[in-house]
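Participant: Pasting a structure below so you can have a look.
Laboratory data are not the source of any read-out in this text; all were calculated from the coordinates shown. Keep in mind that this is a model prediction, so the values were computed, not measured. In this analysis, Cβ positions are derived from the backbone assuming ideal geometry, glycine residues included, and neighbour counts consider all displayed protein chains.
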Amino acid sequence: QAVTDQLDKEGIAWTVFDEVENNPSVATVRKGAALGKDEHADFVIGIGGGSPMDAAKVIALLCTNDLDDTQLFTGPYQKPLPIVIVPTTAGTGSEVTKYAVLTNPAAGTKQSVSTPLIFPTISLADPAYTMSVSETVTIDTTIDALAHAIEGYTSQNATPISDVWAEEAMRFLSIHLTDLKGPISYDVREDLMYGSTLAGIVISQSGTTLVHGMGYPLTYYKGFTHGRANGMLLPFYTKLMAETMPDKVEKIWEILEVSGQDDFAALLKDLIPETVPLTAEELAAYVKLVMPTRAVKATAYDITPQILTEIYKGLADR
Ligand code: ZN
């Protein structure tokens, strides 16, 4: 309403596309782009959580590019329509990233469109629009943002500059990890929005790592939300990182004000209590999907199929 009121005031015609589902599919963004072309849209505004924001970015891209289902994820791309983003959750950081994650049935998982061309032209990250977010979604999205900060901080592609943002993001998110249940004040929402936007800036530089890579099959096949899947996997990841980059992991504990690995795992278990028993077939299929991904390559650990199998097995009894 706030957006359309403003557009009306400026005399700018608009059309709503409101068919974006959770974890949007390739078919959905094609449908949105067809509408954009029919209406001769000059720009695209994405309003919502990660799914509508990511869909808007790809719709803007498809309005100016003819891409088949393979090219959609590889490019090359021409300039998209200008993209305006209004997040209504504080989590994905999509308002400041060059990524859009889609469900791709052809690949049997979630896949990212990644190009600097889909950095939003304008983002309006106003915490006022996150006030009515439910407790579950608040927890899921905050943990997703925390995963972005921690993965970005420990990625092979981390830089001294992205580390500054990662530490700041962890600081703003972690002070509220115990405030996520029950009613949440504007001040807390503001910190969560700031922290998640900073964490988005981090992953735009560093990318995500093992947690996101391993989380996608849990969302695609098991229906766990993105943040919930990441939250279950995060402690397994920090345990690996403690071996290869103990100094950075110590710094994470210091910023999060937890005593160490066990304390961190307990904190996440309290927020996200789910367990995931997987069959031998599921384990084998997920490991096969995850091994060749960019997320594994960005992980600062010599990842083997055995390590992935052990982590997925560990979700049954975390
Ligand atoms: Zn994420």
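Participant: Going by amide H atoms built from the backbone, whose H comes under 5 Å of the H on Ser123, apart from near neighbours?
Facilitator: For Ser123, the qualifying residues are Ile85.
Participant: Here's something else I'd like to know. Taking Cα pairs under 8 Å and at least six residues apart, what relative contact order does segment 91-231 come out at, in percent? Walk me through the numbers on the way to the answer.
Facilitator: Numbers: 231 pairs, mean separation 48.4, N = 141.
This gives 34 percent for segment 91-231.
Participant: Hey, in the GNM for the chain with a 10 angstrom Cα cutoff, which one of Ala266, Ala107, Ala90 fluctuates hardest?
Facilitator: Ala107
Participant: Ok, one more. Along Cα→Cβ, 7 Å out, is where each label goes; now give me the distance between the ones at Lys313 and Thr121 in nm to one decimal.
Facilitator: 5.3 nm
Participant: For Gly48, which sequence-distant residues (separation of 5 or more, or a different chain) have an amide H within less than 5 Å of its own amide H, given hydrogens modelled in the peptide plane?
Facilitator: Amide H to amide H, under 5 Å and 5 or more residues apart or across chains, Gly48 pairs with Val86, Thr88.
Participant: If you average the alpha carbon positions of segment 248-267 and of segment 177-242, how far apart do those two centres end up, in angstrom?
Facilitator: Measuring centre to centre over Cα atoms gives 15 Å.
Participant: Cut-off 10 angstrom, C-alpha nodes, Gaussian network model of the chain. Which of Ala149, Ala242, Ala100 fluctuates the most?
Facilitator: Ala242
Participant: Apply the a/c threshold of 1.5 to the C-alpha gyration tensor of segment 1-157 and tell me whether it is rounded, prolate or oblate. Numbers along the way, then the final one.
Facilitator: On the way: a/c = 1.66, a/b = 1.07, b/c = 1.55.
Oblate.
Participant: On a straight-distance basis, which lysines could pair with Lys181 in a cross-link, Cα separation under 28 angstrom, same-chain partners fewer than 8 positions away excluded?
Facilitator: Reachable lysines: Lys222, Lys239, Lys251, Lys269.
Participant: Right, next: Mind checking the full-extension length gain between Thr244 and Asp66? Use 0.36 nm per residue of separation minus the Cα-Cα distance, one decimal, nm.
Facilitator: Extra length from Thr244 to Asp66 when fully extended: 59.7 nm.
Participant: To continue, here is another question. Could you size up the charge dipole of segment 40-164 around its Cα centre, putting +1 on the beta carbon of Lys and Arg and -1 on that of Asp and Glu, and report it in debye to the nearest 20?
Facilitator: Dipole magnitude for segment 40-164 comes out near 200 debye.
Participant: If you plug each phi of segment 301-318 into the Karplus form 6.51 cos²θ - 1.76 cosθ + 1.60 with θ = phi - 60°, what whole-Hz ³J(HN,Hα) values come out, in order, with x for Gly and Pro?
Facilitator: 6, 6, 6, 10, x, 5, 5, 4, 4, 4, 5, 4, 4, x, 5, 6, 8, 8
Participant: Tell me, how many Å apart are the Cα centres for segment 1-48 and for segment 90-162?
Facilitator: Answer, in whole Å: 20.
Participant: Let me ask another. Kindly provide the helix-only [θ] at 222 nm of the chain, computed as the sum of -39,500 (n - 2.57) over DSSP H runs of four or more divided by all residues, to the nearest 500 deg cm²/dmol? Can you show the working numbers first?
Facilitator: Numbers: 14 runs with 173 residues, N = 318.
Dividing the helical sum by the residues of the chain leaves -17000 deg cm²/dmol.
Participant: Any aspartates and glutamates with Cα under 19 Å of the Lys288 Cα? List them, leaving off those in the same chain fewer than 8 positions away.
Facilitator: Filter leaves Asp302, Glu310.
Participant: For the chain, with a Gaussian network of springs between Cα atoms less than 10 Å apart, report the residue from Thr97, Thr304, Thr88 with the top mean-square fluctuation.
Facilitator: Greatest mean-square fluctuation among the candidates belongs to Thr304.
Participant: For Lys37, list the lysines whose Cα falls under 22 Å from its own Cα; do not include residues on the same chain fewer than 8 positions away.
Facilitator: Partners found: Lys57, Lys79.
Participant: Quick one: 3J(HN,Hα) in Hz for segment 279-293, Karplus 6.51/-1.76/1.60 with θ = phi - 60°, rounded, Gly and Pro as x.
Facilitator: With the stated coefficients, segment 279-293 comes to 6, 4, 5, 5, 4, 4, 5, 5, 4, 5, 5, 7, 3, x, 7 Hz.
Participant: Got the relative contact order for the chain handy, in percent, Cα pairs under 8 Å and 6 or more residues apart? Intermediate results must be reported in sequence, preceding the final value.
Facilitator: On the way: 553 pairs, mean separation 47.1, N = 318.
The normalised contact order for the chain reaches 15 percent.
Participant: May I pose another question? Any idea what the dipole of the chain comes to, in debye rounded to 20, about its Cα centre with Lys/Arg Cβ at +1 and Asp/Glu Cβ at -1? Mind dumping the intermediate values first?
Facilitator: On the way: 22 positive and 40 negative charges, 157 e Å.
Once rounded to the nearest 20, the dipole reads 760 debye.
Participant: Name the longest site-free stretch of the chain, where the excluded sites are GluC sites (Glu not before Pro) in a DSSP loop with no more than 14 other beta-carbon atoms within 10 Å.
Facilitator: Working: sites that count: Glu10, Glu19, Glu21, Glu39, Glu257, Glu274.
Longest run free of exposed loop sites: 40-256.
Participant: Also, quick follow-up: Under a Cβ-only charge scheme (Lys and Arg +1, Asp and Glu -1), can you give me the dipole magnitude of segment 216-273 about the Cα centre, in debye to the nearest 20? The partial results should precede the final answer.
Facilitator: On the way: 6 positive and 8 negative charges, 84 e Å.
Computed about the Cα centre, the dipole is about 400 debye.
Participant: Where both residues lie in the chain, what percent of DSSP beta bridges are antiparallel, nearest 5? Each step should come with its number before you reach the end.
Facilitator: Details: 6 of 14 bridges.
Bridges in the chain that DSSP calls antiparallel: roughly 45 percent.
Participant: Output wanted: per-residue J couplings in Hz (rounded whole) for segment 165-179, from phi through Karplus 6.51 cos²θ - 1.76 cosθ + 1.60, θ = phi - 60°, x for Gly and Pro.
Facilitator: Each residue of segment 165-179 in turn: 5, 4, 5, 5, 4, 4, 4, 5, 7, 6, 5, 10, 4, 9, 9 Hz.
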